[in-house]
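See below for the structure under consideration.
We did not get these values from a lab; they are worked out from the coordinates using the rules stated. The structure presented is a predicted model; accordingly, all values stated were derived computationally and were not measured. All Cβ positions, glycine included, derive from the backbone under ideal geometry; neighbour counts span all protein chains shown.
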Amino acid sequence: MTPSMSRADESAIRDLEHRFNAAWDAHDPEGLSESLVDDAQFITVNGAWTTSREGFRDLMQRLHGASGPFRSSTRRTPEMQVRFLAPDIAILHSRFWIDGEVQHDAISQASRESVGTRVVQKIDGRWRIVATQNTDVRQGRRH
């Protein structure tokens, strides 16, 4: 890590994930989308692909709304790794769990383990999410 890639930057990047989880647990679509740039690309664990902050917020409103499958769920991220590509660009890899999904179909899970990749960029002194890809971990398929 070079001096321009400080521990404070790494902490701020990790904080993006912590704030995302807090907004998830509060079922707050505005909070979930707060750290995304306007043209952020976001691919969910189920393959839903949004190409804007507004599109992601709208998806989260449906998923966390009164009849949405995540309306009473919680999300935690016990494992994160940050890799700087440049002083203002980094990748955040994470392993996270979502518990309490209200099951609506055969692929819904009461508890799911997932891994994610976020590309983040420091813009005007603030780390923002540019792109995210999440993938569910299938049992028996870790390696």
| Cα-centre dipole for segment 7-136 with unit charges at Cβ (Lys and Arg positive, Asp and Glu negative), debye to 20 | 200 debye
| remark: Net charge near SER11 (other residues with Cβ under 14 Å of its Cβ; Lys, Arg +1; Asp, Glu -1) is +1
| message | Under 8 Å for C-alpha pairs, at least 6 residues apart: give me the relative contact order for segment 7-136, rounded to a whole percent. | response | 24 percent
| field | Rounded if a/c under 1.5, otherwise prolate or oblate - segment 7-136, Cα gyration tensor axes | value | prolate
| request: Rank GLN41, LEU59, ILE98 by how far each Cα sits towards the positive end of the charge dipole of segment 1-105 (+1 on Lys, Arg Cβ; -1 on Asp, Glu Cβ) and give me just the farthest. | output: ILE98
| task | Calculate how steeply helix 7-26 sits against the longest principal axis of the alpha-carbon atoms of the chain, using the helix alpha-carbon long axis, and give the answer as 0 to 90 degrees to the nearest 10. | result | 20 degrees
| Helix 53-64 vs. the chain, principal-axis angle (Cα, 0 to 90°, nearest 10) | 30 degrees
| note | Largest fluctuation, GLN133, GLN103, GLN61 only, Gaussian network model of the chain with Cα springs under 10 angstrom, belongs to GLN103
